[in-house]
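Nothing in this text is a laboratory measurement; each read-out follows from the coordinates by a stated rule. What you see is a predicted model; the values in this text were computed from it and never measured. Every residue, glycine among them, receives a Cβ derived from its backbone with ideal geometry; neighbour counts consider all protein chains shown.
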Amino acid sequence: MGIDSSYTANEIAAQPRLWLETYSIIASKQKELATFLSKALFFEDLRVILTGAGTSAFIGDVLQKSFQRKTGRVTEAVASTDLISHPDDFFVKAQQPVLMVSFARSGDSPESLAAVDLANGHCENLFHLIITCNPDGELTKNVDPTNSYVLLMPNEANDKGLAMTGSFTTMLLAGILVSDLEKLNEKKKYIDYLSEYGKIVLQKYDQRIRGVATLDFNRVVFLGSGPLKGIARESQLKVQELSDGQIVCKYDSFLGLRHGPKAVIKDATLVVYLFSNDDFVNKYEYDLVRSINAQKEKLYEIGIGEIIKFKDEIQLDLSIEVADANNIPEEYFAVCAILPGQLLGLYKSIDLGLSPDSPSINKSISRVVQGVNIYKQ
């Protein structure tokens, strides 16, 4: 990466190594995790809730379908910020077994703590899997070992900067691996690919993205399909929070953008495409790119993919590719697909004269959310 010495820059750069460490942690605890999860997965009517606040909630957006597919249990991504205000909408049957998977960088957010308390009060048969980066967070304290398991990420994943970077990708990867523990050894090759892909983005495309960040854009649109829609959502948050809201961002699916939101693409708009590695899905995605290319309003287009086919035909300004073939499943590729968004946010923050570690000039946002009152029903 470049010469920036902020925590945020270093935390972005450390991720390919942290992914290898995350795999090693889960491999070392494979038997413990399998024993714990078997108690929950014993129930065929088990309901899985993936929860967290902000970026931690977006992990569930990315993970939900693959977690459901691999475990064979109905899985729902529910932000803790939604759960605490409308618990009766999510805890419908007290008798139904529930596995709540809580993602939390600090483990100190009031919503995360309240979500666990609400689950404890509503569910008669409840299991907690807490995936967190902070061993000293409140979420890790007073857990009941008979129905709870705390999975700690590598120490460096507990980001010091405002923006969640390594914490997001390590917890996402942990969720992917936990959902398919029986085949953990087979997945090591995907982790090796993933780490190499991350290095390619950070070394080959870093300066190109830094150059894009100097362009005069005032909004960015991120598009993704399937699990990559969740990455589009996290990407738009990274650029918005690191630019202190000076750059307004939107995310959507490729097909969803056509139904009205396409109107946001104007002359000063940067458009970022997160391409699926499924040829069938690409047909819809490339159609949308062609449609946007047919209009004059846009400033610059970036494509991100394991490989990007028909690059000449879709005429992107920057194609970020990491392989010459599709080598890993889409949910694994999602882990490194966030890197360009993180870098764009970092460098736009610097371009605007902000501090990436603490970009909020009026302190309206903070590393751990402040000022949230939790009320009893």
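Across the stretch 29-36, rounded Karplus estimates of 3J(HN,Hα) from the backbone phi angles (6.51 cos²θ - 1.76 cosθ + 1.60, θ = phi - 60°) give 10, 4, 5, 4, 5, 5, 5, 5 Hz, Gly and Pro being marked x. Distant-in-sequence amide contacts of residue 272, defined by a placed amide H-H separation under 5 Å and a gap of 5 or more residues or a different chain, comprise 221, 222, 223, 302. Going by neighbour counts of Cβ atoms within 10 Å, the residues 25, 130, 304 line up, fewest first, as 25, 130, 304. Per-residue ellipticity at 222 nm from helix content only, as computed over the chain with -39500 (n - 2.57) for each DSSP H run of at least four residues, stands at -13500 deg cm²/dmol.
The C-alpha atoms of the chain define a longest principal axis, and helix 184-204 lies at about 30 degrees to it. With one equal scatterer per alpha carbon and no solvent term, the Debye-computed log10 I(q)/I(0) for the stretch 234-306 at 0.16, 0.19 1/Å reads -0.60, -0.84. Treating each Cα of the stretch 1-106 as one equal point scatterer and applying the Debye formula with no solvent, the log10 of I(q)/I(0) at q = 0.19, 0.21 Å⁻¹ comes out as -1.10, -1.23.
Summarise the long-distance tail of P(r) for the stretch 7-191 by giving the % of C-alpha pairs beyond 19 Å. In whole percent, the long-distance tail amounts to 55. Calculated on the alpha-carbon coordinates, the convex hull of the chain measures out at 135 cubic angstrom per residue. Each Lys or Arg adds one and each Asp or Glu takes one away; over the other residues whose Cβ falls under 13 Å from the Cβ of residue 138, this sums to -2.
With a cut-off of 13 Å between beta carbons, the residues surrounding residue 116 carry a summed charge of -4, where Lys and Arg count +1 and Asp and Glu -1.
Each residue of the stretch 125-141 is assigned a 3J(HN,Hα), and the resulting list reads 10, 10, 10, 10, 10, 9, 10, 9, 9, 10, x, 9, x, 4, 5, 8, 9 Hz, derived from the Karplus form 6.51 cos²θ - 1.76 cosθ + 1.60 (θ = phi - 60°), x at Gly and Pro. Loop-located GluC sites (Glu not before Pro) in the stretch 27-76 (DSSP state not H, G, I, E or B) with no more than 11 neighbouring Cβ atoms inside 10 Å: 44.
Residue exposure proxy: 276, 360, ordered by other Cβ atoms within 10 angstrom of their Cβ from fewest to most, comes out as 360, 276. The Kirkwood radius of the stretch 205-351, taken over pairs of alpha-carbon atoms, gives through the Stokes-Einstein law at 10 °C and 1.306 mPa s a diffusion coefficient of 106 µm² s⁻¹. The loop-placed GluC sites (Glu not before Pro) in the stretch 218-298, going by DSSP, that have at most 16 neighbouring Cβ atoms within 10 Å of their Cβ come out as 297. Across the chain, the longest run free of exposed loop sites, meaning chymotrypsin sites (Phe, Trp or Tyr not before Pro) lying outside DSSP classes H, G, I, E and B with no more than 16 other Cβ atoms within 10 Å, spans 44-309. In the neighborhood of residue 263, defined by Cβ-to-Cβ distances under 15 Å, what is the net charge if each Lys or Arg adds +1 and each Asp or Glu adds -1? For residues surrounding residue 263, the net value is +4. Taking amide hydrogens as placed 1.01 Å from N in the peptide plane, the amide H of residue 77 sits under 5 Å from those of 50, each at least 5 positions away in sequence or on another chain.
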